[in-house]
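The values are calculated or read from the model by the stated rules, or taken from the named source; none is laboratory data. Owing to the predicted nature of the structure, the values given are computational and were not obtained by experimental measurement. Cβ atoms come from the backbone with ideal geometry, glycine included; neighbour counts cover every protein chain shown. What goes into the accessible areas is simple: the full protein's heavy atoms, side chains included, and nothing from ligands, DNA or RNA. Shrake-Rupley method; radii C 1.70, N 1.55, O 1.52, S 1.80 Å.
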Amino acid sequence: MSKIAYVNGRYLPHAEATVHVEDRGYQFSDGVYEVCEVARGSLIDMTRHLNRLDRSLRELRIAWPMHRSALEIVLREVVRMNGVRDGLVYLQVTRGVARRDHVFPASTTRPAMVVTAKRIDPETVARRAASGVKVITVPENRWERVDIKSVGLLPNVLAKQQAKEAGAQEAWFVDPEGKVTEGGSTNAWIVDEAGKLVTRPADFGILRGITRTTVLDVAAKLGLTVEERPFSVEEAKRAREAFITSATSIVMPVVAIDGHPVANGHPGSVALSLREAFFDIAEKTKA
Ligand code: PMP
């Protein structure tokens, strides 16, 4: 099946799916995005993803590219046209195409929108969850508005490449106080020495992950105690468990931090039970 992308009103084969050289996303990273998981033919937590898209767009004063209900149809259509049963759907909205100038273009400039989808083998993800992942830590070097899901991801790209070169799968950003903010593309959690789930409050220092929000729901359902507070790298190294959350990894156990094993170096039971209960609680929308 040839891959199809939605580009500004048209469904096109990937080879023809291109954006204009003066798209402000390309020129200035002047755009936002969402990644929504697809599991067993359903989009996961689409409502929350589109609510966050709405917030990101409003923060940057970019208009919706189309009515929300039409956008939902495009997302589902791209998933269907690509035969994605398990994987992800990617959506990007930029301030549009205009002659290069830093200030906003004329208000008549239409936002540009691209949607793509790809398959991810659920077995591969399950195997990864069974063995856990390693993280490294890097100094926080991003701007203060990482709560906006902007396409400007250069520090995240560099941090994740550094992780890969160190034999790890994720990099945790660490603020000047030694506290973990979040991962390059995930939120960070621990189960502390008292057995409480700990994750940083979703203030301006992190992206309010949709998976993070749903995992808070799952934790409440399972009767787990949650503390939304920052935690240090040292505390994470002493923790009973550590894990990361994102739409593509759901709940992924962390088994080592900067080469130091977390607990016995194996995935923890709390992370695995959150992972198992996740799909019972998350919203599912048939593609
Ligand atoms: N933080 C960052 C920096 C991210 O890029 C992501 C992935 N979009 C997340 C957290 C997790 O967010 P979500 O659960 O919505 O995928």
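What about Tyr26, is it open to solvent by 40 Å² or more (accessible area, probe 1.4 Å) and either within 16 Å of the ligand (Cβ to nearest atom) or not in a loop (DSSP other than H, G, I, E, B) (or both)? Here the answer is yes, as Tyr26 does meet what is asked.
Would you say Gly167 is on the phi > 0 side of the Ramachandran plot and either in contact with a strand residue (DSSP E or B) (Cβ under 6 Å, 6 or more places away or on another chain) or of a type in the set (D, E, K, R) (or both)? Taking the combined requirement at face value, the residue does not satisfy it.
For every residue, the table says whether it meets (1) within 17 Å of Pro139 (Cβ to Cβ); (2) out of contact with any helix residue (DSSP H, G or I) (no Cβ under 9 Å at 6 or more places or on another chain); (3) not assigned by TED's automatic domain parsing to the domain that holds Asn156.
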site: Val174; (1), (2), (3): yes, no, no
site: Gly184; (1), (2), (3): yes, no, no
site: Trp189; (1), (2), (3): no, no, no
site: Ala202; (1), (2), (3): no, no, no
site: Arg212; (1), (2), (3): no, yes, no
site: Pro230; (1), (2), (3): yes, yes, no
site: Pro253; (1), (2), (3): no, no, no
site: Ile257; (1), (2), (3): yes, no, no
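Yes/no per residue for (1) open to solvent by less than 30 Å² (accessible area, probe 1.4 Å); (2) in the same structural domain as Val151 (by TED's automatic domain parsing); (3) outside any helix (DSSP H, G or I); (4) under 16 Å from Arg110 (Cα atoms):
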site: His20; (1), (2), (3), (4): no, no, yes, yes
site: Glu34; (1), (2), (3), (4): yes, no, yes, no
site: Arg58; (1), (2), (3), (4): no, no, no, yes
site: Ala63; (1), (2), (3), (4): no, no, yes, yes
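Return yes when Ala242 is in contact with a strand residue (DSSP E or B) (Cβ under 7 Å, 6 or more places away or on another chain), within 16 Å of the ligand (Cβ to nearest atom) and farther than 27 Å from Ala159 by Cα and no when it is not. Considered against the rule, which asks whether it is in contact with a strand residue (DSSP E or B) (Cβ under 7 Å, 6 or more places away or on another chain), within 16 Å of the ligand (Cβ to nearest atom) and farther than 27 Å from Ala159 by Cα, Ala242 comes out as no. Would it be correct to say that Pro201 is within 18 Å of the chain's Cα centre (by Cα), more than 17 Å from Arg275 (Cα to Cα) and part of a helix (DSSP H, G or I)? The answer is no for Pro201.
Looking across segment 117-152, just one residue is surrounded by 15 or more Cβ atoms within 10 Å (Cβ to Cβ) and either on the phi > 0 side of the Ramachandran plot or free of Cβ contacts under 8 Å to residues at least 24 places away in the same chain (or both), and that is Gly132.
Given the conditions (1) under 16 Å from the mean Cα position of the chain (by Cα); (2) more than 15 Å from the ligand (Cβ to nearest atom), report the number of the one that Thr214 does not fulfil. The single condition Thr214 does not satisfy is (2). Thr225 passes every criterion in (1) within 16 Å of the ligand (Cβ to nearest atom); (2) surrounded by fewer than 14 Cβ atoms within 10 Å (Cβ to Cβ) apart from (1). Scan segment 161-184 for residues that are within 10 Å of the ligand (Cβ to nearest atom) and open to solvent by 40 Å² or more (accessible area, probe 1.4 Å) and the total you get is 0.
Residues in segment 84-108 that are of a type in the set (Ser, Thr, Tyr), more than 24 Å from Gln162 (Cβ to Cβ) and crowded, with 16+ Cβ neighbours inside 10 Å: 1 in all.
Please specify each residue of segment 11-41 satisfying the condition of being touching an Asp or Glu at 6+ places or on another chain (Cβ under 9 Å) and either of a type outside the set (D, E, K, R) or free of Cβ contacts under 8 Å to residues at least 40 places away in the same chain (or both). Matches in segment 11-41: Tyr11, Gly31, Val32, Cys36, Val38, Ala39, Gly41. So is Val151 in the same structural domain as Val270 (by TED's automatic domain parsing), within 13 Å of the ligand (Cβ to nearest atom), more than 25 Å from Gly259 (Cα to Cα) and not charged (D, E, K, R) or not? When the stated conditions are applied, Val151 passes them. Anything in segment 185-209 that is closer than 21 Å to Lys160 by Cα and near the ligand (Cβ under 10 Å from one of its atoms)? List them, or say none. Ser185, Thr186, Asn187, Ala188, Ile206, Leu207, Arg208, Gly209, listed by residue number.
Picking from residues in segment 202-222 that are open to solvent by 50 Å² or more (accessible area, probe 1.4 Å) and modelled with pLDDT of 95 or more, the one that is nearest to Glu177 (Cα to Cα) is Arg208.
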